[in-house]
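Encoded as structure tokens, the structure appears first; notes follow it.
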Amino acid sequence: MRIRKDGENTRQKILQAACVVFGEKGYRGATHEEICRLAHVNTAAINYHFGSKEALYAATWDYLATQMDELYPIDGGVPLNAPADVRLEGNVRSLLLRKADRGELSNFHRIRMREIMNPTGILDHAIASWMQKMRTYTRSVIQELLGPKATNEYVELCEMSLISQCFMAQGPPWKKRKHALWKFDEKDTERLTQHIVQFSLAGIAEIRRRLESETTGTRLQEPLTGDPHDAH
């Protein structure tokens with residue numbers, strides 16, 4: 001039992017060190033030696049516990065994604081039977097808190113941005129699955145707010161508008177960058193949440209009014225293509 005506990009402690013130390021090194025240097029720039037030195041373990045420990053650098057990279061993503069979902073659930077802790085506007089508020093608050101996190105989870109954002117800018121292919125499926133889970137929740141709330149006459153195109157457009165507002169707010173991982181125009185941290189989260197929710201609900205309500213009006217002729221002429229929603 002003592003051996004198993006020590007082994008799990010070693011594995012945890014490697015994962016925590018890998019979060020930092022992969023976050024700072026990316027998959028290609030990270031080395032076994034640097035990760036093990038930061039974790040204070042033998043250089044053979046990565047192969048013993050994970051099998052390879054690639055497997056450690058995948059495990060690091062899973063570890064950070066799990067931490068993110070546990071600390072900031074996508075529903076914001078709001079019950080599923082709550083009104084849709086309240087669920088939207090919980091969703092937005094969760095998205096902003098994720099961006100504002102100053103701790104270990106800042107490496108989650110760095111790894112994900114590196115995979116967008118210079119993908120390794122290792123995390124493609126894991127990131128896509130994680131994104132889909134978040135999008136499914138957000139879209140379900142928007143669909144309810146838009147009403148039964150809203151097509152998938154309208155839901156996607158509203159999703160894009162909502163997520164873009166959250167994406168434009170620059171949390172602490174990017175706070176020192178000169179090009180960051182809308183900086184915020186945890187103390188600003190509630191104020192920003194209320195603004196985004198108020199702005200989005202007004203827009204969604206207007207679209208719903210138009211959709212439910214017999215005289216409206218506002219329809220999309222062509223379906224959207226591509227996936228503009230990677231900003232979650």
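Brief remarks on what is shown
- Here Thr43, Thr10 are placed in order of increasing Cβ neighbour count within 10 Å, fewest first, which gives Thr43, Thr10.
- Normalised by the number of residues in the stretch 20-126, the mean separation of alpha-carbon contacts (under 8 Å, six or more apart) gives a relative contact order of 30 percent.
- In a fully extended conformation the segment linking Glu206 and Tyr48 would gain 51.1 nm over its present Cα-Cα distance, using 0.36 nm per residue.
- Potential extension, Leu38-Met113 segment - 0.36 nm per residue separation minus Cα distance: 24.7 nm
- Trypsin sites (Lys or Arg not before Pro) restricted to DSSP loop in the stretch 46-133 with at most 13 other C-beta within 10 Å: Arg102
- With a cut-off of 12 Å between beta carbons, the residues surrounding Thr136 carry a summed charge of +1, where Lys and Arg count +1 and Asp and Glu -1.
- With the simple model of a label 7 Å out from the Cα in the direction of the Cβ, Ile122 to Arg139 spans 2.9 nm.
- Sequence of Glu206, Glu144 once ranked by neighbouring C-beta atoms within 10 Å, starting from the fewest: Glu206, Glu144
- Label separation (Lys187 vs Arg28): 4.0 nm, computed from points 7 Å beyond Cα along the C-beta direction.
- For the pair Gln16 and Ser164 in one chain, pulling the backbone fully straight at 0.36 nm per residue adds 50.2 nm over the alpha carbon distance.
- Annotation: the residues His49, His125, sorted from fewest to most other C-beta atoms within 10 Å of their own C-beta, follow the order His125, His49.
- Of Lys99/Lys133; Lys149/Lys187; Lys25/Lys187; Lys13/Lys99, pairs whose Cα-Cα distance is over 27 Å: Lys149/Lys187; Lys25/Lys187
Here, each number is a calculation from the coordinates, and none is a lab measurement. Because the structure is a prediction, the values reported are computed rather than measured. No Cβ is skipped: glycine too gets one built from the backbone with ideal geometry, and neighbour counts run over all protein chains shown.
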